[in-house]
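Q: Take this structure, written in structure tokens, and hold onto it; I'll ask about it next.
The values are calculated or read from the model by the stated rules, or taken from the named source; none is laboratory data. Note that the coordinates shown come from a computational prediction; the quantities given were computed from them, not determined experimentally. With ideal geometry, Cβ positions are generated from the backbone for all residues, glycine too; neighbour counts draw on all protein chains shown.
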Amino acid sequence: MMAADPKTQATEARIAALTLPEGNGWLAKARQDALGRLQATGLPSRRDEYWRYTKPAKLVQPEPALSVPAAGEDPFAGVDAHVITIEDGVITLPGAIEGLEIATLANAATADIHWARDLYGALEAAGSGPVARPMAMLNTAFATDGLLIHVTGAVDRPVHLRTTGASDPILHHVVKVERGATLTLLESGNIGARSNIATEVELADGAGFHHLRVQGPEPALHVNTHIFARLGAEATFRSFTLAAHGELTRNEAVIELTGDDATATIGGAAFGAGNFHHDDTVFITHDAVNCESRQVFKKVLRDGATGVFQGKILVKEGAQKTDGYQISQSLLLDEDAQFLAKPELEIYADDVACSHGSTTGAIDETALFYLRSRGVPKRRAVDMLVLSFLAEAVEEIADEDLREHVTELLADWLARG
Amino acid sequence: MTALDDVQVKDGVDQETVDAVKSLSGTYKHGWNTEIEMEFAPKGLTEEIVRLISEKNDEPEWMLEWRLDAYRRWVKLEEPTWAMVDYPEIDFQDQYYYARPKSMAEKPKSLDEVDPKLLETYNKLGIPLKEQAILAGVEPAPEDRKVAVDAVFDSVSVGTTFKAELAKAGVIFCSISEAIKDHPELVKKYLGSVIPASDNYYATLNAAVFSDGSFVYIPKGVRCPMELSTYFRINAENTGQFERTLIIADEGAYVSYLEGCTAPQRDTAQLHAACVELVLLDDAEIKYSTVQNWFPGDEEGKGGIYNFVTKRADCRGARSKVMWTQVETGSAVTWKYPSCILRGDDSQGEFYSIAIANNYQQADTGTKMVHLGKNTKSRIVSKGISAGKAQNTYRGLVSMHPKAKNSRNYTQCDSLLIGDTCGAHTVPYIEVKNNSSRVEHEATTSKVDDDQLFYCRSRGMDEEEAVALVVNGFCKEVLQALPMEFAMEAQQLVAISLEGSVG
């Protein structure tokens, strides 16, 4: 037999370091399917077009490259929410919440949670075309645990999922929001030195899902996340991520608008310095009439930090009246910082309005001079300009209280440097 | 070109546009074939064929070695698949790599000796190979406007006009096969220095089998006294055209260069893989304009040219400036990215493009702006139009290297879709590795504006005229960047290429 190529070798080495959780029934089958897809595809390597700007080695290698970080503070302290904690892999659920059924993946191995059966790994598999997402395949196959959240009505407060711990976790969450129901999900935590988290979200007609995530501000993290969402008619999906520091972050979002009049908004504000490498990769598919999508990503990079944005809008044949918007902007605070972007449009319907914009440059010297001339110290003036630059992305958070909370958090982080 | 008598021009409607739409029949105008006795090299590509081409061109040993080296590389390469184009596998052994009219076996000493059939071909194409006329299409010609033409027919250059007059200014304008013999020092120094033989699959193929093309050298401080142009005609069936163009603008030199291309209508696809290398030294400027009108295939997608072209400008000198302007209306498949290496400090690159794809055409085209020097500037304006079942992709790279301080790029890519069975795609790569540079990229995709169409229709224009007018407006920024003769031709082409796309 011929020696395996490096990609197959890397894939086999990673798989060998993991154990396929035991069980039978639909979950075991979904894991087996994903493993098959993973073996056929292979884990990402630098040569893959979709990883041209981010080296996947540290996410792929069998053992995490970093040691365990401190737990960090809770960025949502003070926000009134139902809290779910995952600490070193142990899930603690809150008491009964009206409009919500919460179970864990571990439960699913024994109980037949039928609604999750049709979703687990299904959105991930669908989201692997036309671009393969092998890190998500790995997640579906080897997820150690995760939440199964079924939203059946209006939930009075946001649900805050706080994950902390010392391991190298692979978590897989599934959220299903029924017709007319709405959920706000907050996510925080330093999830081990390295983490691989996949979330599948199915929105029925008229359902709403608001997602707000904070990553950081601890420096030494290797994070790889995927969100797969499928939207029914008139459904609303919103996701926003605030990220600071963290050595290597790759956040992928794969969103499919399958019902007419649906809306998806995804945004992010990120800043970091030194060996900070932050990658937002978004793929939005319009497969229905009169849908709207927005992508708004801003990054502030300093001292050798690298920002990556790969965003794509695919408008399928027949998806008329699509309104697709995408903007990616970076502020480079010094000579060593870099921004690499690939904003793509692929359009097969004629009655659409799609646009994208991308800008990169240094801080506005005129604005800086103005502030300095008003007696603002340079450091403070730069912070003010950075905050106002990132605030344009924060505007994408619809909930006023949460938006304010994030703005304050951001100002606080910037002040601390 | 005259307006049909029955056309009443309404207020606010540009007479030229109406003329353009009305006076042309809608089918591919240059689809006829010249009956001429040809001499072919045997079909297929082998080392022997490479040797044969070199021998036919009476080349020195170093040139043959360069070709053979490229050929040996090429056989190990794989055809690239990353472009958004889809075509049946090309059988590179089922092509002729060399075809020349028998009458060209002895190279004519002057234009008077050229086979009348060939002269007639170029006349018919509106490119008279005479030394008093400029490109047809604009009348009357201003007295002082002259265009020198190098005419390439299948694998050979049949003649170059105004050579003597250009020589007086020190300008060398000839076929590349002549340049290899007459100016080996220049060719040796610059050939492959912008596009190395190892550059990519098609460039490597071209390096092995290029049969002819144009060569231009503008000496120090000379502003070329007239516009130069090359007209490429593929005539023979199952024959690929592989031409190579090399233009060197020495310090402070300036030249405007035009390129046109057509081919007969045939049922089988034909291959065209060209390389164009531009070298710019300090303060030099080159304007390179192309109207690409290769046979695009018929309405069913049968036949057409596969156009795989590598074009690159190396702005080696400080303050040098290059401007690529292209109007891409032809070819069944287009794979083409005219690029600028902005190596010299303060150098500038510009790229203006209109790409129109109708019926089953597929275009994957764009540019690369590689900023290496300080204070370099680039500008990209791309207009893509899709109709019928066509796919049109803009693919581009803007790269700011760490040392390219204080550089600027502005990119605008707009796509227009006519009908709901075509596709328009944008794939830009933006790589910024220093913070004193500023990069801006904007792209939009939309359909022909209903209000504008309604306005035109209410003025009595039929739908096709209205669409042509709106599309010409959409392309205006690029059309304005073209030399006058080409702008006229391009405007007409825009209208013709879209015929049959509405209703």
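Q: Can you tell me how many residues in region B:243-272 are of a type in the set (Ser, Thr, Tyr) and more than 15 Å from the chain's Cα centre (by Cα)?
A: 2
Q: Moving to a separate point now. How about region A:312-417: which helices (runs of 4 or more DSSP H) wholly inside it have at least 2 residues that are closer than 30 Å to A:Asp261 by Cβ? Steps first, answer last, please.
A: On the way: elements: A:365-373, A:378-394, A:400-416.
By residue number, A:378-394, A:400-416.
Q: Does A:Gly216 fit the bill of being surrounded by 23 or more Cβ atoms within 10 Å (Cβ to Cβ), within 18 Å of A:Asp280 (Cα to Cα) and modelled with pLDDT under 90?
A: Numbers: surrounded by 23 or more Cβ atoms within 10 Å (Cβ to Cβ): yes; within 18 Å of A:Asp280 (Cα to Cα): yes; modelled with pLDDT under 90: yes.
Yes; evaluated as a whole, the condition is true for this residue.
Q: I need every pair where a residue in region A:47-60 that is at negative phi has its Cβ under 7 Å from the Cβ of a residue that is part of a helix (DSSP H, G or I), sequence separation at least 6 or different chains.
A: Qualifying pairs under 7 Å: A:Leu59/A:Met135; A:Val60/A:Ala10; A:Val60/A:Arg14.
Q: Applying the selection to region B:151-176, what residues are in contact (Cβ under 8 Å) with a residue 40 or more places away in the chain and either out of contact with any helix residue (DSSP H, G or I) (no Cβ under 9 Å at 6 or more places or on another chain) or part of a loop (DSSP other than H, G, I, E, B) (or both)?
A: B:Val152, B:Asp154, B:Ser155, B:Thr161, B:Phe162, B:Glu165, B:Leu166, B:Ala169, B:Gly170, B:Val171, B:Ser175
Q: Among the residues of region B:478-485, is any surrounded by fewer than 17 Cβ atoms within 10 Å (Cβ to Cβ), free of Cβ contacts under 8 Å to residues at least 12 places away in the same chain, part of a loop (DSSP other than H, G, I, E, B) and in contact with a helix residue (DSSP H, G or I) (Cβ under 8 Å, 6 or more places away or on another chain)?
A: yes
Q: Of the residues B:Val333, B:Val309, B:Val322, B:Val279, only one is among the β-branched types (Val, Ile, Thr), modelled with pLDDT of 90 or more and over 30 Å from B:Lys377 (Cα atoms); which?
A: On the way: B:Val309 fails: over 30 Å from B:Lys377 (Cα atoms); B:Val322 fails: over 30 Å from B:Lys377 (Cα atoms); B:Val279 fails: over 30 Å from B:Lys377 (Cα atoms).
Answer to the selection: B:Val333.
Q: Could you identify the single residue in B:Glu237, B:Glu243, B:Glu227 that is buried (at least 24 other Cβ atoms within 10 Å of the Cβ), among the charged types (D, E, K, R) and in contact with a strand residue (DSSP E or B) (Cβ under 9 Å, 6 or more places away or on another chain)? Explain how you work it out, then say what you get.
A: Numbers: B:Glu237 fails: buried (at least 24 other Cβ atoms within 10 Å of the Cβ); B:Glu227 fails: buried (at least 24 other Cβ atoms within 10 Å of the Cβ).
Exactly one residue qualifies, and that residue is B:Glu243.
Q: Let me ask something else. In region B:411-436, what count of residues is obtained for those that are at the interface with chain A (Cβ under 7 Å from one of its Cβ atoms), among the charged types (D, E, K, R) and either more than 21 Å from B:Ile356 (Cβ to Cβ) or crowded, with 21+ Cβ neighbours inside 10 Å (or both)?
A: Going through region B:411-436 one residue at a time, the tally reaches 2.
Q: Residues that are of a type in the set (Asp, Glu), touching a residue at least 40 places away in the same chain (Cβ under 8 Å) and in a loop (DSSP other than H, G, I, E, B): does region B:307-318 have at least one? Give the derivation first.
A: Within region B:307-318, the subset of a type in the set (Asp, Glu) is B:314.
The next check asks that each one be touching a residue at least 40 places away in the same chain (Cβ under 8 Å); those that pass are B:314.
Retained after the next criterion (residues that are in a loop (DSSP other than H, G, I, E, B)): none.
For region B:307-318, residues of a type in the set (Asp, Glu), touching a residue at least 40 places away in the same chain (Cβ under 8 Å) and in a loop (DSSP other than H, G, I, E, B): absent.
Q: Right, another one. Could you count how many residues in region A:348-367 are within 14 Å of B:Val432 (Cβ to Cβ), buried (at least 24 other Cβ atoms within 10 Å of the Cβ) and either more than 7 Å from chain B (Cβ to nearest Cβ) or small (Gly, Ala, Ser) (or both)?
A: Step one: filter region A:348-367 for residues within 14 Å of B:Val432 (Cβ to Cβ), giving A:358-362.
Retained after the next criterion (residues that are buried (at least 24 other Cβ atoms within 10 Å of the Cβ)): A:358, A:360.
Remaining after also requiring either more than 7 Å from chain B (Cβ to nearest Cβ) or small (Gly, Ala, Ser) (or both): A:358.
Within region A:348-367, residues that are within 14 Å of B:Val432 (Cβ to Cβ), buried (at least 24 other Cβ atoms within 10 Å of the Cβ) and either more than 7 Å from chain B (Cβ to nearest Cβ) or small (Gly, Ala, Ser) (or both) number 1.
Q: I would also like to ask the following. Could you run through region B:442-459 and say how many residues are outside any strand (DSSP E or B) and either in contact with a His (Cβ under 9 Å, 6 or more places away or on another chain) or not basic (Lys, Arg) (or both)? Give the derivation first.
A: Within region B:442-459, the first condition is being outside any strand (DSSP E or B), and the residues that meet it are B:448-459.
Within this subset, residues satisfying the condition of being either in contact with a His (Cβ under 9 Å, 6 or more places away or on another chain) or not basic (Lys, Arg) (or both) are B:448-456, B:458.
Adding up the residues that qualify gives 10.
Q: Please name all residue pairs, on different chains or six or more residues apart, with Cβ atoms under 8 Å, provided the first residue is in region B:229-246 and is in a loop (DSSP other than H, G, I, E, B) and the second residue is basic (Lys, Arg).
A: Going by the 8 Å Cβ cut-off, the qualifying pairs are B:Glu237/B:Arg266; B:Asn238/B:Lys43.
Quick grid of which residues meet (1) under 21 Å from A:Ile102 (Cα atoms); (2) crowded, with 23+ Cβ neighbours inside 10 Å:
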{"site": "A:Gly121", "(1), (2)": "yes, yes"}
{"site": "A:Gly129", "(1), (2)": "no, no"}
{"site": "A:Pro134", "(1), (2)": "no, yes"}
{"site": "A:Met137", "(1), (2)": "no, yes"}
{"site": "A:Asp156", "(1), (2)": "yes, no"}
{"site": "A:Gly180", "(1), (2)": "yes, no"}
{"site": "A:Leu183", "(1), (2)": "yes, yes"}
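Q: Considering only residues that are farther than 20 Å from A:Gly267 by Cβ and of a type in the set (A, V, I, L, M, F, W, C), which ones fall in region A:208-233? Show your work before the answer.
A: Start the filter on region A:208-233 by keeping residues that are farther than 20 Å from A:Gly267 by Cβ, which leaves A:218-222, A:232-233.
A:Ala220, A:Leu221, A:Ala233, listed by residue number.
Q: Moving on. Pairs please, first residue from region B:444-459 and within 13 Å of chain A (Cβ to nearest Cβ), second anywhere and among the charged types (D, E, K, R) and not in a helix (DSSP H, G or I), Cβ atoms under 6 Å, 6+ apart in sequence or on different chains.
A: B:Thr444/B:Asp414; B:Lys447/A:Asp350; B:Lys447/A:Asp351
Q: Of all residues in region A:334-347, count the ones that are facing chain B (nearest Cβ under 7 Å) and either more than 20 Å from B:Gln412 (Cα to Cα) or buried (at least 24 other Cβ atoms within 10 Å of the Cβ) (or both).
A: Taking region A:334-347 first, the residues facing chain B (nearest Cβ under 7 Å) are A:334-335, A:337-347.
Filter once more, so that each one left must be either more than 20 Å from B:Gln412 (Cα to Cα) or buried (at least 24 other Cβ atoms within 10 Å of the Cβ) (or both): A:334-335, A:337-339, A:341, A:343, A:345, A:347.
Number of matching residues: 9.
Q: Can you confirm whether region A:384-392 contains a residue that is surrounded by fewer than 16 Cβ atoms within 10 Å (Cβ to Cβ) and touching a residue at least 60 places away in the same chain (Cβ under 8 Å)?
A: Within region A:384-392, one or more residues are surrounded by fewer than 16 Cβ atoms within 10 Å (Cβ to Cβ) and touching a residue at least 60 places away in the same chain (Cβ under 8 Å).
Q: Go through (1) exposed (fewer than 15 other Cβ atoms within 10 Å of the Cβ); (2) in contact with a strand residue (DSSP E or B) (Cβ under 6 Å, 6 or more places away or on another chain); (3) farther than 22 Å from A:Ala141 by Cα and name the single condition A:Asp88 misses.
A: The one condition A:Asp88 does not meet is (3).
Q: OK, next. Return the only residue of B:Val439, B:Val381 being part of a strand (DSSP E or B), hydrophobic (A, V, I, L, M, F, W, C), more than 9 Å from chain A (Cβ to nearest Cβ) and more than 30 Å from B:Lys302 (Cβ to Cβ).
A: On the way: B:Val439 fails: more than 9 Å from chain A (Cβ to nearest Cβ).
Answer to the selection: B:Val381.
Q: B:Asn307: buried (at least 24 other Cβ atoms within 10 Å of the Cβ), closer than 28 Å to B:Asn238 by Cα and more than 14 Å from chain A (Cβ to nearest Cβ), yes or no? Let's see the steps before the verdict.
A: Values: buried (at least 24 other Cβ atoms within 10 Å of the Cβ): yes; closer than 28 Å to B:Asn238 by Cα: yes; more than 14 Å from chain A (Cβ to nearest Cβ): yes.
Yes; evaluated as a whole, the condition is true for this residue.
Q: Can you find a residue in region A:175-184 that is at pLDDT 95 or above, of a type in the set (Val, Ile, Thr) and under 17 Å from the mean Cα position of the chain (by Cα)? Let's see the steps before the verdict.
A: Start the filter on region A:175-184 by keeping residues that are at pLDDT 95 or above, which leaves A:175-179, A:181-184.
After this cut, where a residue has to be of a type in the set (Val, Ile, Thr) as well, the list is A:175, A:177, A:182, A:184.
If we keep only those that are under 17 Å from the mean Cα position of the chain (by Cα) as well, we get A:175, A:184.
Yes - at least one qualifying residue is present in region A:175-184.
Q: Could you identify the single residue in A:Asp260, A:Asp303, A:Asp287, A:Asp323 that is free of Cβ contacts under 8 Å to residues at least 40 places away in the same chain, on the phi > 0 side of the Ramachandran plot and more than 9 Å from every other protein chain (Cβ to nearest Cβ)? So that I can check it myself, show each step before the final result.
A: Numbers: A:Asp260 fails: on the phi > 0 side of the Ramachandran plot; A:Asp287 fails: on the phi > 0 side of the Ramachandran plot; A:Asp323 fails: on the phi > 0 side of the Ramachandran plot.
The match here is A:Asp303.
Q: What number goes with the only condition from (1) within 9 Å of chain A (Cβ to nearest Cβ); (2) touching a residue at least 24 places away in the same chain (Cβ under 8 Å); (3) surrounded by fewer than 24 Cβ atoms within 10 Å (Cβ to Cβ) that B:Asn406 does not pass?
A: (1)
Q: Sticking with this one: Which one is surrounded by the most Cβ atoms within 10 Å (Cβ to Cβ), of the residues in region A:300-311 that are under 22 Å from the mean Cα position of the chain (by Cα) and assigned to a strand (DSSP E or B)?
A: Top of the filtered list is A:Gly307.
Q: Anything in region B:232-259 that is in contact with a His (Cβ under 7 Å, 6 or more places away or on another chain) and of a type outside the set (A, V, I, L, M, F, W, C)? List them, or say none.
A: B:Gly240, B:Gln241 - these are the residues of region B:232-259 that are in contact with a His (Cβ under 7 Å, 6 or more places away or on another chain) and of a type outside the set (A, V, I, L, M, F, W, C).
Q: Just to check your reading of the model, which residue among A:Gly99, A:Gly89 is at pLDDT below 90 and either more than 20 Å from A:Arg230 (Cβ to Cβ) or of a type in the set (Asp, Glu) (or both)? Working first, answer last.
A: Working: A:Gly99 fails: at pLDDT below 90.
Within the list A:Gly99, A:Gly89, the selection yields A:Gly89.
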